[in-house]
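A.B. asks: Here's a structure for you.
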Amino acid sequence: MSVLLIAEHNNKEVKSFTLNAITAASQIDQDLHVLLIGHNADDVAKSLSEVPLVKKVLHMDNEIYENYIAENYTSAILKHADKYSHIVCSANTFGKNLMPRIAALLDISQVSDIIKVISPDTFLRPIYAGNAFATVKSNDDKKCITIRPTSFEAAETTGGSAEIEKVDAADKTENTKFVNREEIKSDRPELGTARIVISGGRGLQSGENFKLITDVADKLNAAIGASRAAVDAGYITNEHQVGQTGKVVVPDLYIAVGISGAIQHLAGMKESKVIVAINKDGEAPIFSVADYGLEADLFEALPQFLEELNKLNTIQK
Amino acid sequence: MKILVAVKRVIDYNVQIRVKEDGSGVVTDNVKMSTNPPDDNAIEEAVKIKEAGKASEIIAVTVGEEKAQETVRKALAVGADRGIHIKVDSVLEPLAVSKILKKIVEKENPDLVFMGKQAIDDDCNQTGQMLAAHLNWPQATFASKIEVKENSLEVTREVDEGLETIEVNTPAIVTCDLRLNEPRYASLPNIMKAKKKPIEQINASDLGVDTNPRIEHIKIEEPPKRKAGIKVASVEELVQKLKNEAKVI
């Protein structure tokens, strides 16, 4: 048995969710190889080789891999699929787009979004937006699996010295062309990996009022989240959305402000270690998952919260 | 241009899911069912393209038990021209559904296939990509904007980093994000008209597709409950608890 993990990267750095996926993959089998498909990505190959859990890096370098196109990645991965019992990657937009295409061509029923490795063929995965957990056993000879990154710790990135093997490129599709990518740049921690997340909901009443959230986020070095209602109302852009249709976050501290706690939102944050809810409606469902609930008007509570934080001698970053 | 739209009947998104005590699944008896939400966006987009004069026919297809027809009927009421219902008795895995849809694509020869990016019951997020693989067609997943060009589509995709735009030649598969559009409601006259639109029924067993499950569901259980929290009386108390009890700030 050997596991082949498909790395996500931007030709300069490994994306952090790949490190979480490496941890999960190594629990399936310790003979873990990583396939890096890219262009001029030698630095990425080197950093992957230094991850102690990685036993070998397969590096496929070609200009056709300058941008990630699922069709091109699929033909690249299929060239190596024979030798592996498991093909895995992270269950974010990268892996969700890619893995089913590989699985279908191998005639494998994919296991999506696992949160626990029970054995090499049995996994735990959430269904119904996390409202039920399914223990599933794959009876295919080979397995295609995507891994929910926030359910596994990130792998150590130093100390390893895996072999890097250069491998040949595969066929290129003529039917899909990359046009452009608009990345949202921010000085704040990324929502998916931040230690603290503070989110605002419809209770904020306007985009300008999100400044109250921003001020606290600055103080706590937190990422900013939002409920779907706040995004739909146009208070904030959609890359901030936490929930079933947005991002799933598992920070040490999640602060929900003016968010009622629709099932859709809870699905994206209820695994957070500590949850704080600030809402003026004492009956709001968000309180049922909150460790600390404060029934208060957010327009009074948030400035006070900032004031109290300013009084503290030290704040963990 | 002909557009095939695949829709799925699922437990309504507002229903609080209850897990069966014997661990065999979730309760579906007497539970409100509706169309998988992003599938509504897929239908809406197809209708908008047809209204813009860029499509000639929209076919709504579903794979499911007898009642799954309701989902097709709803698609007909918002603008699909005809329906196809592939009858199955059990819940199929996305791999099997994608093989069935391939047969329908071969029969109908659409230029585009639209569907939701993910079903909110099994949360698999596989069927569209698998169908694209079987057909060797390009795939544009998680679409939040679609521009129809001559022999191609320019699709803006919702990705982790922000937005990505790709161009795919037709025929192509597009899986739709909730942000693609605002699905319309069916008007009463259109609901009445939809009753007269044809729905072709096909038994999945007649399609010659292997639909046997490959994945065993060993147990379905409730997620671990969070232990009950407390209400704090003031902001001061909250900050003190976070600092000294939870030790997270």
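A.B. asks: How about region A:64-87: which of its residues are farther than 23 Å from A:Phe178 by Cβ, in a helix (DSSP H, G or I) and either away from every other protein chain (no Cβ under 14 Å) or at pLDDT below 95 (or both)?
C.D. replies: A:Asp82, A:Lys83 - these are the residues of region A:64-87 that are farther than 23 Å from A:Phe178 by Cβ, in a helix (DSSP H, G or I) and either away from every other protein chain (no Cβ under 14 Å) or at pLDDT below 95 (or both).
A.B. asks: I need the full set of residues from region B:194-233 which are outside any loop (DSSP other than H, G, I, E, B) and either within 8 Å of chain A (Cβ to nearest Cβ) or among the aromatic types (Phe, Trp, Tyr) (or both), in order please. Steps first, answer last, please.
C.D. replies: Going through region B:194-233, the residues outside any loop (DSSP other than H, G, I, E, B) turn out to be B:194, B:199-207, B:215-221, B:230-232.
Of everything in region B:194-233, those that are outside any loop (DSSP other than H, G, I, E, B) and either within 8 Å of chain A (Cβ to nearest Cβ) or among the aromatic types (Phe, Trp, Tyr) (or both) turn out to be B:Ile215, B:Glu216, B:His217, B:Ile218, B:Lys219, B:Ile220, B:Glu221, B:Ile230, B:Lys231, B:Val232.
A.B. asks: Can you spot a residue in region B:162-172 that is surrounded by 16 or more Cβ atoms within 10 Å (Cβ to Cβ), assigned to a strand (DSSP E or B) and more than 10 Å from every other protein chain (Cβ to nearest Cβ)? Write out each step before concluding.
C.D. replies: Initially, region B:162-172 is screened for residues surrounded by 16 or more Cβ atoms within 10 Å (Cβ to Cβ), giving B:163-172.
Imposing the further condition that a residue be assigned to a strand (DSSP E or B) reduces the set to B:163-169, B:172.
Going one step further and asking which of them are more than 10 Å from every other protein chain (Cβ to nearest Cβ), we end up with none.
For region B:162-172, residues surrounded by 16 or more Cβ atoms within 10 Å (Cβ to Cβ), assigned to a strand (DSSP E or B) and more than 10 Å from every other protein chain (Cβ to nearest Cβ): absent.
A.B. asks: Okay, next question. When the residues of region A:261-278 are filtered to those that are touching an Asp or Glu at 6+ places or on another chain (Cβ under 8 Å) and modelled with pLDDT under 95, which remaining residue is nearest to the other protein chains (Cβ to nearest Cβ)? Spell out the reasoning first.
C.D. replies: Of the residues in region A:261-278, the ones touching an Asp or Glu at 6+ places or on another chain (Cβ under 8 Å) are A:272-276.
In the following step, the residues that additionally are modelled with pLDDT under 95 were identified as A:272-273.
Working: A:Ser272: 10, A:Lys273: 7 Å.
The qualifying residue nearest to the other protein chains (Cβ to nearest Cβ) is A:Lys273.
A.B. asks: Related question: So in region A:179-193, with the set limited to residues that are in contact with a helix residue (DSSP H, G or I) (Cβ under 7 Å, 6 or more places away or on another chain) and either over 17 Å from A:Ala222 (Cβ atoms) or modelled with pLDDT of 85 or more (or both), which one is nearest to the other protein chains (Cβ to nearest Cβ)?
C.D. replies: A:Leu191
A.B. asks: In region A:104-121, which residues are within 7 Å of another protein chain (Cβ to nearest Cβ) and either out of contact with any Pro (no Cβ under 8 Å at 6 or more places or on another chain) or assigned to a strand (DSSP E or B) (or both)?
C.D. replies: Keep residues of region A:104-121 that are within 7 Å of another protein chain (Cβ to nearest Cβ), which gives A:104-105, A:109-113.
Listed by number, the residues that qualify are A:Ala104, A:Leu105, A:Val111, A:Ser112, A:Asp113.
A.B. asks: Filter region B:75-99 down to the residues that are crowded, with 23+ Cβ neighbours inside 10 Å and within 14 Å of chain A (Cβ to nearest Cβ) and list them by number.
C.D. replies: Once the filter is applied, which keeps residues that are crowded, with 23+ Cβ neighbours inside 10 Å and within 14 Å of chain A (Cβ to nearest Cβ), region B:75-99 yields B:Pro94, B:Leu95, B:Ala96, B:Val97, B:Ser98.
A.B. asks: A follow-up question, please. Could you tell me which residue of region B:178-192 is modelled with the lowest pLDDT, considering only residues that are within 21 Å of the chain's Cα centre (by Cα) and more than 8 Å from every other protein chain (Cβ to nearest Cβ)? Lay out the reasoning, then the answer.
C.D. replies: Here is the first cut: in region B:178-192, the ones within 21 Å of the chain's Cα centre (by Cα) are B:178-186.
Narrowing further to those that are more than 8 Å from every other protein chain (Cβ to nearest Cβ): B:180-186.
On the way: B:Leu180: 93, B:Asn181: 93, B:Glu182: 90, B:Pro183: 94, B:Arg184: 96, B:Tyr185: 94, B:Ala186: 94.
Once the filter is applied, the top-ranked residue is B:Glu182.
A.B. asks: Which of the strands (runs of 3 or more DSSP E) contained wholly in region A:214-317 include at least 2 residues that are within 28 Å of B:Ala119 (Cβ to Cβ) and in contact with a Gly (Cβ under 9 Å, 6 or more places away or on another chain)?
C.D. replies: Answer list for region A:214-317: A:223-226, A:253-257.
A.B. asks: Looking at region A:9-24, I want the residues that are closer than 15 Å to A:Lys116 by Cα and have a partner that is small (Gly, Ala, Ser) with Cβ atoms under 7 Å, at least 6 apart or on another chain. Which pairs are those?
C.D. replies: A:Asn20/A:Ser90; A:Asn20/A:Ala154; A:Ala21/A:Ser90; A:Ile22/A:Ala155; A:Thr23/A:Ala154; A:Thr23/A:Ala155
A.B. asks: Here is a further query. Since A:Ala134 meets every condition but one in (1) over 30 Å from A:Ala256 (Cβ atoms); (2) assigned by TED's automatic domain parsing to the domain that holds A:Ile69; (3) more than 19 Å from the chain's Cα centre (by Cα), which condition does it not meet?
C.D. replies: Here A:Ala134 meets the rest and fails (1).
Yes or no, residue by residue, for (1) surrounded by fewer than 21 Cβ atoms within 10 Å (Cβ to Cβ); (2) among the hydroxyl-bearing types (Ser, Thr, Tyr):
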residue: A:Ala81; (1), (2): yes, no
residue: A:Ala91; (1), (2): no, no
residue: A:Val111; (1), (2): no, no
residue: A:Leu124; (1), (2): yes, no
residue: A:Thr135; (1), (2): yes, yes
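Every residue, every condition in (1) hydroxyl-bearing (Ser, Thr, Tyr); (2) within 14 Å of chain A (Cβ to nearest Cβ); (3) in contact with a helix residue (DSSP H, G or I) (Cβ under 8 Å, 6 or more places away or on another chain); (4) farther than 15 Å from B:Leu112 by Cα, yes or no:
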| position | (1), (2), (3), (4) |
| --- | --- |
| B:Val15 | no, yes, no, yes |
| B:Glu21 | no, yes, no, yes |
| B:Val27 | no, yes, no, yes |
| B:Glu45 | no, no, yes, no |
| B:Ile58 | no, no, yes, no |
| B:Val61 | no, no, yes, no |
| B:Lys67 | no, no, no, yes |
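A.B. asks: Still on this structure, please answer the following. Picking from B:Glu154, B:Glu236, which residue would you name as being within 7 Å of chain A (Cβ to nearest Cβ), among the acidic types (Asp, Glu) and not in a strand (DSSP E or B)? Break it down into steps so the answer makes sense when it comes.
C.D. replies: Values: B:Glu154 fails: not in a strand (DSSP E or B).
From the options B:Glu154, B:Glu236, the qualifying one is B:Glu236.
The values are calculated or read from the model by the stated rules, or taken from the named source; none is laboratory data. Predicted model, so just to flag it, every value in this text is computed and none were measured. Methodologically, a virtual Cβ is constructed for each residue, glycine included, from the backbone with ideal geometry; neighbour enumeration extends over all protein chains shown.
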